[in-house]
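Participant: Quick one: the structure is below, and I'll ask about it shortly.
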Amino acid sequence: MSEAISPATMVVWGGFVLAFIFGAVANKTNFCTMGAISDIVNMAHWGRMRMWLLTIAVAVVGSNLLYYFGLIDLSKSVYQRPSLTWLSMLLGGFLFGVGMTIAAGCTNKNLVRLGGGSVRSLVVLVFLAISAYMTLKGLFGQWRASYLDTVVLDLSQWGLTTQGLSQILARLTGLPEKTALLTSALVVGLGLLVFVFKDKRFRGNLSQVTGAIVLGLLIVAAWFLTGNIGYGENPDTLETVYFATNTRTLESLSFVAPTAFSLELLMLWTDKSMRVTFGIATVIGVVLGSFAYAVSTRQFRWEGFASLEDLRTQLTGAVLMGFGGVTALGCTIGQGLSGVSTLALGSFIALTGIISGAVVTMKWQQR
């Protein structure tokens, strides 16, 4: 009789499968946060933005229902820590927004493009990974830790153990925490759904509607994978742990830091202490999912830089995304979908920074 599959193996392979689907769907539907913002700024068109907001709505409702019924504990995610590093979130998000705009796409979009044959995106991702790693453990990390992360709002002084909107609502209104959790998730989720579906043209776009629902459910599934299936007792230490995640707690999709960890694994491949984690598996999954879709639809095309100026601009954007994404604890996916799905206050701050950085840069480019 064969041995049971370990939780770590299930988390890694499960993450790969979820990201494979994510990459294929994102390629098919042209899912792109930067593109959605650009459509509004340049053409006053809300189609792709509604798709992104529908993805958020599904992720918020689904993730918090899992939390409500005790299947996962979102309070243990990195987004819910009571120490609110608001300056890091805001500035990091802003710089990420600037970077993704001048690089013509966020981390996820570059992973999708890489799967479609973009050598340009490969170069961008390498520089993004180096910048992100320097922000995690190197020179940029020293600046981040010394000057940004020290500006912190300790929510525990008001009796809060997380920065989730539900706990803040419970504190302000006196509602039981579970009631506040369900209320806040439904208010945010249903509010977004009403806004999204009030547009007749979007309601008729089956590709975008279906794609958004699938992408939102993938965020939910990733939380369940790492927070339920991947949660258990370590047979060596007998401690209860979350298996195969870089943060050592439950995770959903996020691509900036995992891109850095992927590069680290490639450089230190013979180091036996290195392991493929959930995050690394998702980076690979998005690229291969996009590749599979591009090949199956005969859309795979090799793509390079248009000019030396294009190269300089793209690499500058990559460095800003690497620094900003780590500083803000996530990108348009890591904070914009996964973080926001936990209803963490910091995630909304980071998302505000990302959108502001993108809009300011687009306005500057127009001038």
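The values are calculated or read from the model by the stated rules, or taken from the named source; none is laboratory data. Nothing here was measured: the structure is a model prediction, and the numbers come from that model. Counting neighbours? That spans all protein chains shown, and the Cβs are built from the backbone with ideal geometry, glycine included. These accessible areas exclude ligands, DNA and RNA; they are computed on the full protein's heavy atoms, side chains included. Shrake-Rupley method; radii C 1.70, N 1.55, O 1.52, S 1.80 Å.
Participant: Any idea what the relative contact order of the stretch 1-73 is, in percent, if you count C-alpha pairs under 8 Å spaced at least 6 apart?
Facilitator: On the way: 24 pairs, mean separation 12.2, N = 73.
Relative contact order for the stretch 1-73 comes out at 17 percent.
Participant: Over the stretch 113-216, what relative contact order in percent results from Cα pairs under 8 Å that are six or more residues apart?
Facilitator: 9 percent
Participant: Something else about it: What Kirkwood Rh does the chain have if only Cα atoms enter the pairwise 1/r average? Answer in Å.
Facilitator: This gives a value of 20.7 Å.
Participant: Also: Send over the Kirkwood Rh of the stretch 131-273, from the inverse of the averaged 1/r over different Cα pairs, rounded to one decimal Å. Each step should come with its number before you reach the end.
Facilitator: Working: mean 1/r = 0.0514 Å⁻¹.
When all Cα pairs of the stretch 131-273 are included, the Kirkwood radius is 19.5 Å.
Participant: Then there's this: For the chain, what does -39500 (n - 2.57) per DSSP helix run (n ≥ 4), summed and divided by total residues, give at 222 nm, in deg cm²/dmol to the nearest 500?
Facilitator: On the way: 15 runs with 232 residues, N = 367.
My calculation for the chain gives -21000 deg cm²/dmol from helical runs alone.
Participant: With a 1.4 Å probe and all protein chains kept in place, how much accessible area does residue 267 have, in Å² rounded to the nearest 10?
Facilitator: 130 Å²
Participant: What is the Cα centroid distance between the stretch 57-106 and the stretch 179-200, reported in whole angstrom?
Facilitator: 18 Å
Participant: Let me ask something else about it. Counting Lys and Arg as +1 and Asp and Glu as -1, each charge on the Cβ, what is the dipole of the stretch 31-159 about the Cα centre in debye, to the nearest 20? List each step's numbers first, then the result.
Facilitator: Values: 9 positive and 4 negative charges, 68 e Å.
Its charge dipole is roughly 320 debye.
Participant: Hey, which of these cross-link pairs are over 28 Å Cα-Cα: 137/178; 109/178; 76/137? Don't skip to the end; give the middle numbers.
Facilitator: Working: 137/178 38 Å; 109/178 36 Å; 76/137 23 Å.
The pairs that break the limit, which is 28 Å between Cα atoms, are 137/178; 109/178.
Participant: Also: Can you list, bin by bin at 10 Å, the percent of alpha carbon pairs in the stretch 246-367, starting at 0?
Facilitator: 11, 31, 37, 20, 2, 0
Participant: So, one more: Under unit Cβ charges (Lys, Arg +1; Asp, Glu -1), what dipole magnitude, rounded to 20 debye, does the chain have relative to its Cα centre? Let's see the in-between values first.
Facilitator: Values: 24 positive and 16 negative charges, 237 e Å.
That gives a dipole near 1140 debye.
Participant: Here is a further query. For the chain, what does the accessible surface come to per residue with a 1.4 Å probe? Please give it in Å². Don't jump to the answer; show the numbers that get you there.
Facilitator: Values: 16570 Å² over 367 residues.
Accessible area per residue: 45 Å².
Participant: ³J(HN,Hα) across the stretch 320-330 via Karplus (A = 6.51, B = -1.76, C = 1.60, θ = phi - 60°), whole Hz, x for Gly/Pro?
Facilitator: Result, rounded to whole Hz: 5, 5, x, 5, x, x, 6, 4, 8, 6, x.
Participant: While we're here: Read phi for every residue in the stretch 246-263 and hand back ³J(HN,Hα) as whole Hz from Karplus 6.51 cos²θ - 1.76 cosθ + 1.60, θ = phi - 60°, with x for Gly and Pro.
Facilitator: For the stretch 246-263, the Karplus-derived couplings read 5, 7, 6, 9, 5, 9, 10, 5, 6, 10, 6, 4, x, 5, 5, 5, 5, 5 Hz, x marking Gly and Pro.
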